[in-house]
Amino acid sequence: MSATEFTTDLRDVEFVLFDQLHVHEVLSSFPRYADYDRDMYLSIVAEADRIAHEIIAPINKIGDREGCRFDGKGTVTTPKGYPEAFKFMSDNGWIGLVADTEWGGTGLPHIMEMAAGELLTGACVAFATYSGLTRGVANLISSFGSPEMKERYVRKLNQGRWAGTMLLTEAGAGSSVGDNRCKAHPTDRPGVYTLEGEKIFISGGEQDLTENIVHVVLARVPNAPPGTKGLSIFIVPKFIPNDDGSLGDRNDIVCVGIEEKMGIHGSATCTMSLGSNQPCFGWRIGDENAGMRIMFHLMNEARIMVGVQGESTAAAAYYNALDFAKERIQGPDIHDVANGWTPSVSILKHPDVRRMLMTMRVLIENMRSLLFTTALRMDLADLSADAEQRERHANFVDLMVPVCKAHCTDCGFDVTRLAMQVMGGYGYCGDYPVEQYLRDNKICSIYEGTNGIQAMDLLGRKLRMKNGVLFMEWLAEFTAELDAAKGKGLDKEVTELEKARDQVGAAAMHLAKFAFDGNFSSAMLHASNFLTALGEVVLGQHALAQAVTARRLLDAGEGERAFLEGKLANLRFYCFNLLPHATTLSRVIRSGDETCLESELFAEV
Ligand SMILES: Cc1cc2nc3c(=O)[nH]c(=O)nc-3n(C[C@H](O)[C@H](O)[C@H](O)COP(=O)(O)OP(=O)(O)OC[C@H]3O[C@@H](n4cnc5c(N)ncnc54)[C@H](O)[C@@H]3O)c2cc1C
């Protein structure tokens, strides 16, 4: 461990995978993963960790300092080392991790994509954007494309020979995707359109990593209904593939500029012009006007992966800060102050620094557990033989997507901010990587739907889906876990969690009533507060799950005592220091105060 080098915690990754989730046992009951044993999973984690350290982490700082370059004529050059690293990832099967081997993928379960993803993403989040989007586009075309589209694109995307992007955002259509104006005109070839418009903020819209780029674009066909219901989705390749798979004509989708931005400098954020000089051909996926439904498919997975971005950069920052705190000598031990002058000690000894480090640690370990659990439930939603079970797992994933995306990115930023605080002025300066992690981390709460939009999705859609079943099922599962944890020496913490669970339940009921009465602004005023409160309780649930696991191992005399006792301390700290905030938020939500909705406010400008 070092205050400057990229550091990971494989012990904790393995604890969640094997001791807590029993991935090797749970998945081996399904034919698809019958041959995967613990050693196989361990070797995947170890290899991802090696690649993260040896191949990816070394390009992180270079990418930040050098950034992407645009030549003014449509060409974008990524930072030094990016093309070689991307080629390595492609050649070694790290792009289409979950996709079937017959479609060029590696065939791993989602949980391993998540575990490997944490290590690989934390090493360089900017670089991870290229493979993440490629994976998502391959998955989207696999699920919704015609057999011919699948044949043409999916293998090459999964192999990383071609990269994928998603083009939703326009200058006038950010969060309000339904305001998209990009036009799609039918041609005389069925399913083929010419597209016209401009998209902004497109990650990887142009790059020098792959020979071709497969854009998926939202656009509006003639006479489409307004809003999201009138959006269709198209494959728009940079080079139109010939029937034999070779690259054909250059399509008129061109990068006309890239953004200067706060972080992720190695990820090219492009303005893309479609059809401004020549026809820009697009191939429609699915039916006309079905674009949003299809795009949501890509967005669910992408949103969880953004949660991983938030958590993994925060984890990298935490390990640096922890090491720094051990080394940095400053100020006397508080017990010695009364004795006059005493030598300075490591800042790790100061209570305020310990508070910050503990907050960071517990948030990271709880987020890791939440993200891995959600990925495992994705696997179970795909694999379970029983339709009811499949639906239950899918419900869990649907409910947790906004929590993973928004709460993990908010907490991730907080953790990274604390890492800088622990390091004082050194943390603020470029010799240490934490200032880059902080800058890189911020975008996670903004793209893939801002966290405010995630909160509205949770409250306005997920809580109402299937008459509230998603939330009720989660409550029932959590209650069963709380009951099972009683009598194991964790009762005080269980009581705190029960109180917080009831508070979040009361907040949900309160907000549901607003929605029922058609009082949407009162409900949405508290959407973010509600998401945070739920996220805080969910992270408490994961602290409990880990503590229960640790207790079991301790009682059995297995595992490393100090590490396992650390999990019990995590739960204690979380319940008495961080969880009470969920109760405060529940009170805020139910306070009836709507000051900020008063129309006179902000009128002076
Ligand atoms: C580095 C980077 C990479 C990106 N990559 C991609 C990409 O690959 N593809 C792509 O299509 N887009 C991409 N984006 C765009 C990104 O998804 C949008 O920036 C984001 O969705 C927010 O849109 P906006 O910036 O227009 O903000 P706005 O929509 O203007 O939002 C501004 C604020 O208002 C709030 N707000 C907006 N509408 C509402 C509402 N109805 N109710 C409550 N609050 C609201 C938002 O939460 C936010 O706080 C990227 C952006 C960046 C910066």
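The values are calculated or read from the model by the stated rules, or taken from the named source; none is laboratory data. Quick caveat: nothing in here was measured; it's all calculated off a predicted structure. No Cβ is skipped: glycine too gets one built from the backbone with ideal geometry, and neighbour counts run over all protein chains shown. Side chains included, ligands, DNA and RNA excluded: accessible areas come from the protein's heavy atoms. Shrake-Rupley method; radii C 1.70, N 1.55, O 1.52, S 1.80 Å.
Would you work out which of Leu438, Val401, Ser522 lies farthest towards the positive end of the dipole of the chain, given +1 charges on the beta-carbon of Lys and Arg and -1 on that of Asp and Glu, about the Cα centre? After comparing all options, I get Ser522.
Quick one: Debye curve from the alpha-carbon atoms of the chain only, equal weights, vacuum; give me log10 I(q)/I(0) at q = 0.11 Å⁻¹ to two decimals. The Debye formula, applied to the Cα set alone, gives -1.10. Between Gly164 and Thr134, Val214, the built amide H atoms are under 5 Å apart, and every one of these is 5 or more places off in sequence or on another chain. Since only His215, Met114, Ser142 are under comparison, the one whose Cα sits farthest along the positive direction of the charge dipole of the stretch 111-229, derived from C-beta charges on Lys, Arg, Asp and Glu, is Ser142. For Arg65 and Gln330, a Förster radius of 25 Å and the Cβ-Cβ distance give a FRET efficiency of 0.30, rounded to the nearest 0.05. Could you tell me the relative contact order of the stretch 302-438? Use alpha-carbon pairs under 8 Å, at least six residues apart, and round to a whole percent. Across the stretch 302-438, relative contact order equals 38 percent.
With protein chains left intact and a 1.4 Å probe, residues in the stretch 509-589 average 42 Å² of accessible area per residue. Full extension of the chain between Arg587 and Glu54 yields a length gain of 187.0 nm, computed as 0.36 nm times the residue separation minus the alpha carbon distance. So between Asp244 and Asn467, what do we pick up on full extension, going 0.36 nm a residue minus the alpha carbon distance? Stretched fully, the Asp244-Asn467 segment lengthens by 75.3 nm. For the chain, DSSP calls about 80 percent of its internal beta bridges antiparallel. Under the simplified labelling scheme, the Thr595-Tyr426 pair shows an inter-label distance of 4.2 nm, with each label point 7 Å from Cα along Cα→Cβ. Over the chain, Cα pairs under 8 Å with separation of 6+ residues give a relative contact order of 13 percent. The charge dipole of the stretch 515-605, taken about its Cα centre with unit charges on the Cβ of Lys, Arg, Asp and Glu (plus for the first two, minus for the last two), comes to roughly 640 debye. Farthest towards the positive end of the charge dipole of the stretch 158-215, among the residues Ala171, Gln159, Phe201, is the Cα of Gln159, using unit charges on the Cβ of Lys, Arg, Asp and Glu.
Apolar share of the accessible surface for the chain: 53 percent from carbon plus sulfur atoms, 1.4 Å probe. Each of Arg38 and Arg293 was given a label point 7 Å from its Cα along the Cα-to-Cβ line. The distance between the two points is 4.5 nm. Karplus-derived 3J(HN,Hα) values for the stretch 93-108, using 6.51 cos²θ - 1.76 cosθ + 1.60 with θ = phi - 60°, are x, 9, 8, x, 4, 8, 4, 4, 4, 5, 10, x, x, 9, x, 7 Hz; glycine and proline are entered as x. The mean sequence separation of alpha-carbon pairs under 8 Å and at least six residues apart, normalised by the residue count of the stretch 360-478, gives a relative contact order of 26 percent.
Between Gln278 and Phe88, take the C-beta separation as r, use R0 = 30 Å, and let me know the FRET efficiency to the nearest 0.05. After rounding, the FRET efficiency stands at 0.30. Free of any chymotrypsin sites (Phe, Trp or Tyr not before Pro) that DSSP assigns to a loop and that have at most 10 other C-beta atoms within 10 Å, the longest stretch within the chain is 1-340.
Stretched out straight at 0.36 nm per residue, the stretch from Asp188 to Lys261 would grow longer than its current Cα-Cα span by 22.1 nm. The stretch 306-352 and the stretch 66-110 have their alpha-carbon centroids 37 Å apart. Amide H contacts under 5 Å for Ile264: Asp440, restricted to partners 5 or more places along the chain or on a different chain, H placed in the peptide plane at 1.01 Å from N.
Treating r as the C-beta distance of Glu148 and Ala385 and R0 as 41 Å, the FRET efficiency rounds to 0.85.
This model, with +1 at the C-beta of Lys and Arg and -1 at the C-beta of Asp and Glu, gives the stretch 204-363 a dipole about its Cα centre of some 660 debye.
Shown in residue order for the stretch 212-227 are the 3J(HN,Hα) couplings computed by the Karplus curve 6.51 cos²θ - 1.76 cosθ + 1.60 at θ = phi - 60°: 9, 10, 9, 8, 10, 10, 8, 8, 10, 7, x, 6, 5, x, x, x Hz (x for Gly and Pro). Using only Cα atoms, find the angle between the long axis of helix 561-573 and the longest principal axis of the chain, and express it within 0 to 90 degrees, rounded to the nearest 10. Around 80 degrees separate the two axes. Dipole magnitude for the chain: about 600 debye, using +1 per Lys or Arg Cβ and -1 per Asp or Glu Cβ, origin at the Cα centre. Describe numerically, in nm with one decimal, the distance between label points set 7 Å from Cα along Cα→Cβ at Glu498 and at Glu198. If labels sit at Glu498 and Glu198, their model points lie 6.1 nm apart.
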